Amino acid sequence: MKIAVVGTGYVGLVSGTCLAETGNNVTCIDIDVNKVNKLNNGEITIYEPGLEKIFLRNIKEGRLHFTTNLKEGIEDAQIIFLALPTPPGENGHADLKYVLGVANDLGTLLKKDDFKVIVDKSTVPVGTAEKVRATIIAASNNTLQSGDEGCFEVVSNPEFLREGVAVEDFMKPDRVVIGANTEKAKKLMGDLYAPFVRQGNPIIFMDEKSAELTKYAANSFLATKISFMNEIAQLCERMGANVDMVRLGIGSDDRIGKRFLFSGIGYGGSCFPKDVQALIKSSDECNYDFKILKAVEEVNENQKLHLMPKIKSYFNDNLKGKHFALWGLAFKPNTDDIREAPSLYMIDALLEAGATVSAYDPEAMKNIKQTIGDKINYCDTQYDALENADALIIVTEWNEFRTPNFETITSSLKNKAIFDGRNLYDIDDMNAKGFHYVSIGR
Ligand SMILES: NC(=O)c1ccc[n+]([C@@H]2O[C@H](COP(=O)([O-])OP(=O)(O)OC[C@H]3O[C@@H](n4cnc5c(N)ncnc54)[C@H](O)[C@@H]3O)[C@@H](O)[C@H]2O)c1
């Protein structure tokens with residue numbers, strides 16, 4: 001099939017590349033000229049394990065193209081994906097200006113005799129497919145019609161990929177959710193996704209509103225699991241229990257499940273914070289007070305700075321002139337995404353208290369530098385960051401931080417103090433090594 005993907009960020013680039021990998025001819029469109037130039041030169045613009053190899057292969061085989069020209073990009077496409085940003089707008093609502101802006105452009109470009117399916121892949125509030133449909137029709141001066149008899153249809157197809165394992169998630173999804181009202185659109189979407197569900201994972205067809213809500217419900221539920229465990233960790237600290245043990249104890253119950261039960265210094269990223277916020281706003285709008293979700297958000301806000309009082313107390317409530325090594329900047333391992341990363345909150349709090357920071361992250365340093373510039377010092381290796389530091393703070397659980405050289409840590413740090421926001425090390429082991437070791441809920 002011929003496919004267009006509008007928006008070539010984390011979701012658009014992964015989706016476009018994976019759709020090309022199954023034999024489709026894909027054109028990815030983006031307004032960022034610099035990004036499109038890089039992609040056209042075979043330069044990948046995000047860090048995502050496994051992506052570069054299939055990206056290069058599909059360019060070489062002529063199935064993957066990039067352009068800034070929407071008209072040219074959608075010309076022959078049967079399906080047009082919208083993988084556009086939906087950041088928090090004023091008051092925390094999902095800002096639909098990118099999605100509806102492109103819908104407006106599509107209204108001026110679509111032709112009456114050329115049926116296309118427009119797919120909302122962005123995470124969007126309930127009712128957005130309807131707004132996209134109305135925007136396209138209005139921009140065409142009511143010359144275009146949607147539905148089986150019309151020349152376009154809008155479908156909701158939320159994306160569930162996780163950064164860090166995005167290629168695997170897209171190629172072998174647990175499920176594909178498609179909210180579609182018409183048979184023609186259902187057939188096209190079913191055919192497109194058939195190669196991705198050959199092992200029997202379901203394509204779940206539903207109405208478009210349920211599909212839109214499914215994505216927010218999924219992210220909100222996962223965020224709830226994390227905040228719940230962070231509250232259990234608070235109890236553990238007060239009661240002398242160990243959250244790792246409690247996690248193993250409850251996670252082995254398959255009604256609860258093992259995943260998303262790790263306590264730490266809070267969730268971040270481009271999805272959970274904004275999606276939780278957006279669902280709270282949507283609930284408020286239909287006069288429903290979503291109490292659990294409001295608590296989830298509040299717990300997470302507090303959790304991001306949970307280590308700060310412990311750090312301050314170790315240094316007698318005075319961090320002025322203290323220097324910290326910080327390991328991990330990305331919001332989670334295996335990505336260079338730093339949107340809403342706990343590291344940003346930690347850095348702000350440390351600088352505000354008069355401290356300085358030397359940081360290392362395997363992939364995210366370029367993005368952090370673009371955001372906060374030279375407010376901190378960037379190091380080439382995790383061990384360089386330790387030099388002259390008063391203590392080490394761990395913010396992201398990259399694999400290379402799991403079994404470090406503790407002798408080098410000891411000889412580099414001024415104090416044998418590690419504040420671990422991701423519970424990477426065994427407490428007894430750290431005590432035996434003579435570290436002042438502070439983790440979460442243990
Ligand atoms: N990142 C994730 O893990 C993830 C997972 C599932 C769903 N989502 C959702 O997918 C959507 C996209 O997220 P993302 O992380 O890929 O965002 P992103 O910011 O990485 O990418 C968006 C891209 O759209 C481009 N763009 C903006 N306006 C445009 C326009 N008018 N025409 C063409 N391109 C334009 C931007 O330049 C950017 O490259 C969001 O709604 C997000 O919530 C994200």
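Per-residue ellipticity at 222 nm for the chain, helices alone: DSSP H runs ≥ 4 residues times -39500 (n - 2.57), over residue total, nearest 500 deg cm²/dmol? Intermediate results must be reported in sequence, preceding the final value.
On the way: 17 runs with 184 residues, N = 442.
-12500 deg cm²/dmol, from helical runs alone.
Please give the length that would be gained between Ala241 and Glu130 if that part of the chain were fully extended, namely 0.36 nm times their separation in residues minus their C-alpha to C-alpha distance (nm, one decimal). Working shown, then result.
Numbers: separation 111, 0.36 × 111 = 39.96 nm, distance 5.03 nm.
Computed gain between Ala241 and Glu130 is 34.9 nm.
Quick one: which residues, 5+ away or cross-chain, put their amide H under 5 Å from the amide H of Phe81? H built at 1.01 Å from N.
Under 5 Å from the amide H of Phe81: Ala4, Val5, Val6, Val119.
Just subtract the alpha-carbon distance of Cys286 and Asn41 from 0.36 nm times their residue separation and send over the number in nm, one decimal. If you can, show how the numbers build up before the last one.
Values: separation 245, 0.36 × 245 = 88.20 nm, distance 4.77 nm.
Full extension from Cys286 to Asn41 adds 83.4 nm.
Per q in 0.10, 0.15 Å⁻¹, report the Debye log10 I(q)/I(0) for the stretch 64-146, using one uniform scatterer on each alpha carbon and no solvent.
With no solvent term, the Cα-only Debye profile gives -0.24, -0.54.
When only Cα pairs under 8 Å and 6 or more residues apart are kept, what is the percent relative contact order across the chain?
Values: 855 pairs, mean separation 51.4, N = 442.
Computed value for the chain: 12 percent relative contact order.
Sort 191-197, 31-37 by packing, meaning the average of other beta carbons within 10 Å per residue, with the highest value first.
Details: 191-197: 16.0, 31-37: 13.9.
In descending order of packing, they fall as 191-197, 31-37.
Under 5 Å between amide H atoms, partner at least 5 residues away or on a different chain: which partners does Ile203 have, H built in plane at 1.01 Å?
So Ile203 has HN proximity to Val176.
Quick test of the membrane-span-like rule: which DSSP H helices of the chain reach at least 27 Å along their long axis (C-alpha atoms) with mean Kyte hydropathy at least -0.5? Don't skip to the end; give the middle numbers.
Numbers: long enough: 208-239 (47 Å, -0.14).
Length and hydropathy pass: 208-239.
Please report the spacing between the Cα centers of the stretch 24-89 and the stretch 356-417 in Å, no decimals.
34 Å
If you project the alpha carbons of the stretch 308-438 onto their three principal axes, what span does each projection cover, largest first, in Å?
39, 31, 22
Compute a Gaussian network model of the chain, connecting alpha carbons closer than 10 Å, and tell me which residue from Met189, Met239, Met171 fluctuates the most.
Met239
Could you tell me how far the Cα centroid of the stretch 107-130 sits from the Cα centroid of the stretch 157-200, in Å?
After rounding, the separation between the Cα centres reads 17 Å.
Excluding same-chain pairs closer than 8 in sequence, count the lysine pairs in the stretch 216-303 whose Cα atoms lie under 21 Å apart.
9
What is the diffusion coefficient of the chain in µm²/s, taking the Kirkwood radius over Cα pairs and the Stokes-Einstein relation at 10 °C with a viscosity of 1.306 mPa s? Present the calculation step by step, with values, prior to reporting the outcome.
Numbers: Rh = 23.5 Å.
Roughly 68 µm²/s, to the nearest whole number.
Where a number appears in this text, it was derived from the coordinates with a stated rule and is not lab data. Quantities reported herein were computed from a predicted structural model and do not represent experimental measurements. Cβ: placed from backbone, ideal geometry, glycine included. Neighbour counts: every protein chain shown.
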